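Trainee: Got a structure for you, written out below as structure tokens; questions coming shortly.
The values are calculated or read from the model by the stated rules, or taken from the named source; none is laboratory data. On a predicted model such as this, the values are computed, not experimentally measured, just so you know. Note that we place each Cβ from the backbone using ideal geometry, even for glycine, and neighbour counts take in every protein chain shown. Only protein heavy atoms, including side chains, enter the accessible area calculation; ligands, DNA and RNA are left aside. Shrake-Rupley method; radii C 1.70, N 1.55, O 1.52, S 1.80 Å.
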Amino acid sequence: MKPAILSYGERARLHKSPAAKALLEVIERKKSNLCVSVDVTKQADFLKVIDVVGPYACLIKTHVDIIEDFDPSLIKNLQDLSVKHDFLIFEDRKFADIGNTVALQYSSGVHKIASWSHITNAHPVPGPSIITGLASVGKPLGRGLLLLAEMSTKGSLATGSYTEEAVRMARAHDDFVIGFIAQRRMEDVGLLENAGESEEDFLILTPGVGLDSKGDSMGQQYRTPEQVVLESGCDVIIVGRGIYGKSDNVDVQAVQSQAERYRTAGWEAYQKRISHKS
Ligand code: S5P
């Protein structure tokens, strides 16, 4: 059965990846398919936003390298919030180098991403060796990888045969790749005719989501949760500025009400999707 017509809970029971299973379970438990992208540059703002949005999110997406006053205590505080509010952590590192280098970037350096991030992502541009490099570090820890099969930006080059190759790479490494950053479902992408019904269940996490704006001045393009989850069949909406607003002036009340609003919009779109198709 196609994942888009199954509930998150049913998919959690069927999934063999521990990271995908954990994400699907938290989505079902919290009735939230909202991932909040917390792209702020000060530790205090970062932790404040996460503490406010945590109850509404299944996943918190980080860019740890933009934190100006980073020190290792931040990771401990982030992990404590992840337990307090029951969400998973996704470091949006967008690895893009040879296997040996990405393995080092993932395991080592200041940030030691693999030690705390349940999910991370990579560009497929180097070919399958990027997956084997990252898997050598992440698989023993039960982590999961998303491949960037498409991007939300105007003029993205991740289209056509590039997207198809990303999907083929994921299929060949589905013991570590749990899904895609993409704008739509990928089940039919790159399949030969007569390939038959596939059993695969790749999660689709989708950025470029906004209820009040169509984009920004730097090429970002937004669609609504309904377009993303109901019309395009995606699983998780990724929302950044639509929720936290201006990063230099965090308004706790506003952040909380936006998180609630996006969570409701994402969940209602999912409920419509599974009731339409069953
Ligand atoms: O195609 C993409 C892939 C990603 S991961 N487009 C994106 O916007 N992202 C990320 O999602 C981006 O790096 C940012 O952290 C977030 C979108 O932020 P927003 O403020 O535009 O919602």
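Trainee: With a cut-off of at least 1 residues that are within 18 Å of the chain's Cα centre (by Cα) and more than 26 Å from Asp201 (Cα to Cα), name the helices (runs of 4 or more DSSP H) lying wholly within the stretch 24-121. So that I can check it myself, show each step before the final result.
Mentor: Details: elements: 43-53, 73-85, 99-107.
Answer list for the stretch 24-121: 43-53, 73-85.
Trainee: Sticking with this one: When the residues of the stretch 215-247 are narrowed to those that are more than 14 Å from the ligand (Cβ to nearest atom) and free of Cβ contacts under 8 Å to residues at least 40 places away in the same chain, which ends up surrounded by the most Cβ atoms within 10 Å (Cβ to Cβ)?
Mentor: Selected residue: Gln227.
Trainee: Residues of the stretch 56-88 being touching a residue at least 60 places away in the same chain (Cβ under 8 Å) and not charged (D, E, K, R), which ones? Before you say what the answer is, go through the steps one by one.
Mentor: Applying the first criterion (touching a residue at least 60 places away in the same chain (Cβ under 8 Å)) to the stretch 56-88 yields 56-59, 61, 86-88.
Of everything in the stretch 56-88, those that are touching a residue at least 60 places away in the same chain (Cβ under 8 Å) and not charged (D, E, K, R) turn out to be Tyr56, Ala57, Cys58, Leu59, Phe87, Leu88.
Trainee: Condition test on Ile27, is it open to solvent by less than 10 Å² (accessible area, probe 1.4 Å), at pLDDT 95 or above, of a type in the set (A, V, I, L, M) and touching a Leu at 6+ places or on another chain (Cβ under 6 Å)? Give the derivation first.
Mentor: Numbers: open to solvent by less than 10 Å² (accessible area, probe 1.4 Å): yes; at pLDDT 95 or above: yes; of a type in the set (A, V, I, L, M): yes; touching a Leu at 6+ places or on another chain (Cβ under 6 Å): no.
When the stated conditions are applied, Ile27 does not pass them.
Trainee: Still on this structure, I have one more. State which residue is nearest to Arg29 (Cα to Cα) when the search covers only the stretch 248-278 and only residues that are of a type in the set (Val, Ile, Thr) and buried (at least 18 other Cβ atoms within 10 Å of the Cβ). Before the answer, list the steps.
Mentor: Quick first cut of the stretch 248-278, residues of a type in the set (Val, Ile, Thr) only: 250, 252, 255, 264, 274.
After this cut, where a residue has to be buried (at least 18 other Cβ atoms within 10 Å of the Cβ) as well, the list is 250, 255.
Numbers: Val250: 28, Val255: 22 Å.
By that ranking, first place goes to Val255.
Trainee: How many residues does the stretch 41-55 contain that are within 15 Å of the ligand (Cβ to nearest atom) and open to solvent by 30 Å² or more (accessible area, probe 1.4 Å)? Please lay out each step first, then the result.
Mentor: As a first pass, look at the stretch 41-55 and keep what is within 15 Å of the ligand (Cβ to nearest atom): 41, 45-46, 49-50, 53.
Among the residues that remain, those that are also open to solvent by 30 Å² or more (accessible area, probe 1.4 Å) are: 41, 45.
Residues that pass the stated criteria total 2.
Trainee: Something else about it: For the stretch 184-200, give me each residue that is at pLDDT 95 or above and surrounded by fewer than 23 Cβ atoms within 10 Å (Cβ to Cβ).
Mentor: Kept after step one, since they are at pLDDT 95 or above, are these residues of the stretch 184-200: 184-186.
The answer is Arg184, Arg185.
Trainee: Among residues belonging to the stretch 132-178 that are hydrophobic (A, V, I, L, M, F, W, C) and open to solvent by 50 Å² or more (accessible area, probe 1.4 Å), point out the one that is nearest to the ligand (Cβ to nearest atom). Quick ask: steps written out before the conclusion?
Mentor: Keep residues of the stretch 132-178 that are hydrophobic (A, V, I, L, M, F, W, C), which gives 134-135, 137, 141, 145-149, 151, 157-158, 166-167, 169-170, 172, 176-178.
From what is left, the residues that are open to solvent by 50 Å² or more (accessible area, probe 1.4 Å) are 141, 151, 157, 172.
Numbers: Leu141: 21, Met151: 3, Leu157: 11, Ala172: 23 Å.
Filtering first and then ranking leaves Met151.
Trainee: Just a yes or no: is a residue in the stretch 56-73 touching a Gly at 6+ places or on another chain (Cβ under 6 Å), more than 16 Å from Ile243 (Cα to Cα) and open to solvent by less than 60 Å² (accessible area, probe 1.4 Å)? Steps first, answer last, please.
Mentor: Filtering the stretch 56-73 down to residues touching a Gly at 6+ places or on another chain (Cβ under 6 Å) leaves none.
No, the stretch 56-73 has no match at all.
Trainee: Considering only the stretch 248-278, state which residues are under 22 Å from the mean Cα position of the chain (by Cα) and free of Cβ contacts under 8 Å to residues at least 60 places away in the same chain.
Mentor: Keep residues of the stretch 248-278 that are under 22 Å from the mean Cα position of the chain (by Cα), which gives 255-274.
Passing the criteria: Ser257, Gln258, Arg261, Thr264, Ala265, Glu268, Ala269, Gln271, Lys272.
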